[in-house]
Amino acid sequence: MTAPWHPAIRADWLVLRRTGPMAWVRVLGPPVLLLIGCIALACGDLYAGYAWCLAAAALLALGGACGIAHQRLLDALERWRFGWCGALPIARPAAASTLLLSATAALVASLAFTTTLLFGIAAPAPQGGDLPYAVAAIDGALVAGVAVAAIRVLRRGALARVHHMDGIREPLLALPWLNDPRLPHLLDWQRRAALVRWRRGGSFMAVGIVLAAVPIGAPMVQVSALVLLVLSWSWLTVVMRASADAFISAVRLLAAVPWNVRSARMAALRYPLVATPCALVFVVVGAALLRHGVVVLLWIVCTGAASAWPLVRLARATRFADPRA
Amino acid sequence: MTGLLRATNLRVAYGDVPVLDGVDLTLARGEFVALIGPNGAGKTTLLRTIAGIAPLDGGHIDLDGHDLASAPRSAKQAIGLAIDPPGLPALLTGRECLSLFAGARGLPTIPATTLALGETLSLMPVLDRRIDSYSLGMRQKLGIMLGLLGEPPLLLLDEPFNGLDPRSALAFKTHLVSLVARGDTSALLATHSLDVAERHATHVVLLMDGRVRRSWDTAELAAMRENPQHSLEKAMAGACGT
């Protein structure tokens, strides 16, 4: 008789409990921020009567929930199928039902959080009569987003497509000189890591955010400009995080090798430095379409804020190595 | 033979659990030292400590005349650590990974000797495939090639024969023995394969509970090989008290 649930769920729970508070922050942070963002956006309608904020909040909830749920369900499924418990005789329906149960539990908690917070904040609002519609729109979007993510993850072959990295394309225009000769192929490693991460759901959040930012009836040119700006921001953020992760892995891999730390840091910065002007091309086009130069400045501030922590991690990765030696 | 490794009074603990407790080990050029012992004896930790990738709670490591704590880069010039298969980067090809290591070691290209070892181990046909698609044995071979890249004087090998097919294992043993026989390379091998230790090692060290329990020198090992009544397996069992 096979178990109806995947036993790794208990191990995952124990690991989470024993890892400390930062693990909880990493798990709960993104969804809580998403839900608070949706509620804040919806309050634009309820308090100020802007008339388009609720639609934007619902779209943000849809895109955000789908992105977060897709990435987490896929990670769990991959860990269970190819990790330490991969050889256990667990029926596929058990893994699927455990995933669905986890997703449902997280969804119910999210719905409760959203509903409670929205009623608590917006009940005394001038447009408080629309509160049930706001709750229904955001909660419905959350349900739809998680459902779409679950269907995508549980489709036959979905995991194989992500797990096997054969689909990673080489650049159309190969530029071997971009690789730093002091750490050859680190740039390739960072580029491929960014591509894998982008395909895992990095773009879904961006789509949700850009749609949320579009007012009803906005001109197509402005919508295109916003899409360019947000997608380039999201892509560069993914590049920064993937570059830091790949470099940290490279530092671990080369820990016993007598390398030059300063050169290594410079090599690790090469891909982010190449990617930034590429992203800026789209930003300049977007700013030109919007006819607002200040947008470029705003984009740089947002990107700088999102890139700060990955760059700190990248710099700290070699802190135990002694460059003087 | 000149001194290559001098480790004195090494102490390492994971939390409150001591893993190495006052280990002394010396190794000269041209020596092949096998490190044996039960699971959890501290063999892997000792290798990682000598490679400078595990924190040391006490003691001193000198590699080819350089103190590992105060001059890690100079000291690490002397070592080559075979990389564990799970630690290899899945997103790179085998050749890209070798190239990365060569660059980090300051070499302009992958040395011809490393590629020749790849031929010996039959890894060349898959060297341009992503590591993600490699079998355990292929990853093990690549990890060995990475450790031997640039022919560092001291090779640190942790169970390098795991996952290797018999033909590749024999080819690698032969290669290792010939490298050591040249006199400018030494090997420190952590293994459970007592036959490899008995046949090929110049010294064998038994590690138990984080301490060196017993060691056998060249003459004692030669005596074991000559007398079928004696074996390293029996000697180890006797030393362990079982």
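From its DSSP helices (H runs of at least four residues, each -39,500 (n - 2.57)), chain A gives a residue-normalised ellipticity at 222 nm of -25500 deg cm²/dmol.
Going by neighbour counts of Cβ atoms within 10 Å, the residues B:His203, B:His175 line up, fewest first, as B:His175, B:His203. Against the empirical 2.2 N^0.38 Å (N residues), segment B:104-235 has a Cα radius of gyration ratio of 1.17.
Which listed residue (B:Leu92, B:Gly30, B:Leu46) has the Cα farthest towards the positive end of the charge dipole for segment B:21-162, taking +1 on Lys and Arg C-beta and -1 on Asp and Glu C-beta about the Cα centre? Of B:Leu92, B:Gly30, B:Leu46, it is B:Leu92. Counting every pair of alpha carbons in segment A:1-129, the share spaced more than 17 Å apart comes to 65 percent.
Seen against the Cα atoms of chain B and their longest principal axis, helix B:166-181 is set at about 70 degrees. Ellipticity at 222 nm from helices only: DSSP H runs of n ≥ 4 in chain B, each -39500 (n - 2.57), divided by the residue count, give -10500 deg cm²/dmol. Residues of segment A:46-83 falling in the label zone of A:Ala96, defined by backbone nitrogen less than 15 Å from a point 7 Å along Cα to beta-carbon, are A:77.
Dipole of chain A computed with +1 at Lys/Arg Cβ and -1 at Asp/Glu Cβ about the Cα centre; of A:Ser232, A:Leu16, A:Leu60, farthest Cα towards the positive end is A:Leu16. For segment B:1-110, the Kirkwood radius over C-alpha pairs fed into Stokes-Einstein at 4 °C and 1.567 mPa s yields D = 83 µm² per second.
For the pair A:Leu33 and A:Tyr133, a Förster radius of 35 Å applied to the C-beta separation gives a FRET efficiency near 0.90, rounded to the nearest 0.05.
Each principal axis of the Cα cloud of chain B was evaluated for its coordinate range; sorted largest first, these ranges are 49, 44, 35 Å. Calculated from the alpha-carbon coordinates, the protein assembly as shown shows an Rg and a Dmax of 28.6, 98 Å respectively. Note on segment B:125-188: dipole from Cβ charges, positive end direction compared against B:Thr185, B:Leu154, B:Ala169; the farthest Cα belongs to B:Ala169.
Taking trypsin sites (Lys or Arg not before Pro) that fall in a DSSP loop and have at most 15 other Cβ atoms within 10 Å as cut points, what is the longest piece of chain B between them? No qualifying site falls inside B:1-128, the longest such stretch. Each of B:Glu233 and A:Arg262 was given a label point 7 Å from its Cα along the Cα-to-Cβ line. The distance between the two points is 5.6 nm.
Computed about its Cα centre, the charge dipole of chain B is approximately 320 debye, with only Lys, Arg, Asp and Glu carrying charge at their Cβ. For chain A, the membrane-span-like helices by this rule, meaning whole DSSP H stretches whose C-alpha atoms cover at least 18 Å of axis and whose Kyte-Doolittle mean is 0.0 or above, are A:21-48, A:53-82, A:92-122, A:131-154, A:220-253, A:261-290, A:294-316; this says nothing about an actual membrane. Put a plus charge on the Cβ of each Lys and Arg, a minus charge on the Cβ of each Asp and Glu, and nothing anywhere else: the dipole of chain A about its Cα centre is then about 1140 debye. Treating each Cα of chain A as one equal point scatterer and applying the Debye formula with no solvent, the log10 of I(q)/I(0) at q = 0.08 Å⁻¹ comes out as -0.46. Cβ-to-Cβ counts within 10 Å put B:Asp165, A:Asp139 in ascending order as B:Asp165, A:Asp139, the fewest first. For B:Cys97, A:Cys85, the sequence from fewest to most other C-beta atoms within 10 Å is A:Cys85, B:Cys97.
Centroid-to-centroid, using Cα positions, segment A:249-300 and segment A:63-128 are 32 Å apart. Each label point was placed 7 Å from the Cα along the Cα-to-Cβ direction; for B:Arg182 and B:Glu220 their separation is 3.1 nm. Mean sequence separation of contacting Cα pairs (under 8 Å, at least six apart), scaled by the length of chain B, corresponds to a relative contact order of 26 percent.
Computed from the coordinates by the stated procedures, all read-outs in this text should not be read as laboratory data. All values reported here derive from a predicted model rather than from experimental measurement. Counting neighbours? That spans all protein chains shown, and the Cβs are built from the backbone with ideal geometry, glycine included.
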